[in-house]
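Q: Take this structure, written in structure tokens, and hold onto it; I'll ask about it next.
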Amino acid sequence: MSDCNWGHFRRIFCGLVLACQFAVTPVQAQEPVQLWVQSIFGSRHTATHFKPFFDEAFRQIERGYSIYYSNNFELLGRRCLQQHYDVIMGSYSAAMREIERDCGYRLVAITEQPIHLYTLMGQPLTKIGRVGVIPGIRAADMEFHSVVPASATLVPFRNHIAATMALLEGKIDALSSAPVAIQRLSPQLKNKLVIAHTFADIGRGAALLSPRFIATEEGRSFRRFVLSNGEISRRIYIEGMGISPWLEP
């Protein structure tokens, strides 16, 4: 075979090899970052409230994301063992601390806020019979019977707004909450409620990252975004929910 023919054959052969490589190993699109976010106001309202924050975070990271809004900590506990979620955000309650411990997630940012016992105007603490709580929220972990009668019962609600409306309608006598629900109501409704007691323990919000995600540049970028407390974050968390800026834990 002449040198000319051999060069032609080699070019064809190399082209076939490259074509086969691309055929069996196509370029894979990046999977979206998976988030579990506590459904503070109910799934639809929570999604609407937080959407600008996550849109901006992942625009900067240049990665897609998918969010599951829930208060189901039993399901979260099963899924986080396999690091099903890259990011977990919500109230830093006893339930959330169990997730952090059992699944090896890393606490990367935290907020602080007071926890109050809200009542209607004129409701004495000595006459409280039903206290509204949202299971899985830090405000549900308080020692209530140091403040209200031992006979008082705890009434669980799915989210803050449902619990606040129950208080306004007289279905419960008090609500244990950080300011997050009250901040979301109109001034006319907020003016009907008073802070009857402020607990010594404070409430906290938490951002947890999986060991796998925090090891990536994108995970570290997400952490930096949260701790930067930019304009959107301040509008959503400080102005919209009445809590502190994000802090180093």
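The values are calculated or read from the model by the stated rules, or taken from the named source; none is laboratory data. Worth saying up front: this structure is predicted, and the values here are computed from it rather than measured. Positions of Cβ are generated from backbone atoms using ideal geometry, with glycine treated the same way; all protein chains shown enter the neighbour counts. When the accessible area is computed, the model is the full protein with side chains, heavy atoms only, and any ligands, DNA or RNA have been set aside. Shrake-Rupley method; radii C 1.70, N 1.55, O 1.52, S 1.80 Å.
Q: What dipole magnitude, in Debye to the nearest 20, does the chain give about its Cα centre under +1 on Lys/Arg Cβ and -1 on Asp/Glu Cβ?
A: That gives a dipole near 340 debye.
Q: Taking the mean number of other Cβ atoms within 10 Å as a proxy for protection, how do you rank 79-92, 140-153 from highest to lowest?
A: Peptide ranking by packing, descending: 79-92, 140-153.
Q: Along the charge dipole of region 104-169, Cβ charges K/R +1 and D/E -1, which of Ile137, Thr126, Pro114 sits furthest on the positive end?
A: Among Ile137, Thr126, Pro114, the one farthest towards the positive end of the dipole of region 104-169 is Ile137.
Q: If we count every other residue with Cβ under 15 angstrom of His145's Cβ, Lys/Arg +1 and Asp/Glu -1, where does the sum land?
A: Every neighbour counted, the sum reads -2.
Q: Setting aside same-chain residues fewer than 8 positions from Lys190, which lysines have a Cα under 22 Å from its Cα?
A: Lys127, Lys171
Q: Using 1/(1 + (r/R0)^6) with R0 = 35 angstrom and r between the beta carbons of Ala47 and Arg97, what's the FRET efficiency to the nearest 0.05?
A: Result of the calculation: an efficiency of 0.90.
Q: Same structure, new question: Order Ser177, Ser186 by their accessible area, 1.4 angstrom probe, all chains in place, largest first.
A: So the residues, ranked largest to smallest area, are Ser186, Ser177.
Q: Same structure again: What share of all Cα pairs of region 114-201, in percent, falls into each consecutive 5 Å distance bin?
A: Once binned at 5 Å, the Cα pair distances of region 114-201 give 3, 16, 31, 29, 17, 4, 1.
Q: Within the set of other residues whose C-beta is less than 15 Å from the C-beta of Arg220, count the net charge using Lys and Arg as +1 and Asp and Glu as -1.
A: 0
Q: Now for a different question. Quick check on packing: order 202-208, 54-60 by the mean number of other C-beta atoms within 10 Å, highest mean leading.
A: 202-208, 54-60
Q: If you compute Rg and Dmax of the Cα atoms in Å for the structure shown, which of [x] 25.1, 104; [y] 18.5, 56; [z] 18.0, 59 do you land on?
A: [x]
Q: Now for a different question. Round to the nearest 0.05 the FRET efficiency obtained for Thr126 and Arg158 when R0 = 30 Å and r is the Cβ-Cβ distance.
A: 0.55
Q: With just the Cα atoms defining each centre, how far is region 123-142 from region 55-104? Give it in Å.
A: If we compute the Cα centre of each part, the gap is 26 Å.
Q: Got a number for carbon plus sulfur as a percent of region 143-229's accessible area, 1.4 Å probe?
A: Here carbon and sulfur together make up 53 percent of the probe-accessible area.
Q: Among Pro187, Phe157, Phe199, which residue has its Cα furthest toward the positive end of the charge dipole of region 114-201, with +1 on Lys/Arg Cβ and -1 on Asp/Glu Cβ?
A: Projecting each Cα onto the dipole axis, the largest value belongs to Pro187.
Q: Let me ask another. Please calculate how many Å² of accessible area the chain carries per residue, with a 1.4 Å probe and no DNA, RNA or ligand atoms counted.
A: Per residue, the chain has 53 Å² of solvent-accessible surface.
Q: Can I ask one more? Quick one: compute a quarter of the convex hull surface over the Cα atoms of region 23-170 and quote it in nm².
A: 11.9
Q: Here's a follow-up. Using 0.36 nm per residue, how much length does the chain from Ile202 to Ser66 gain when fully extended, once their Cα-Cα distance is taken away?
A: 45.9 nm
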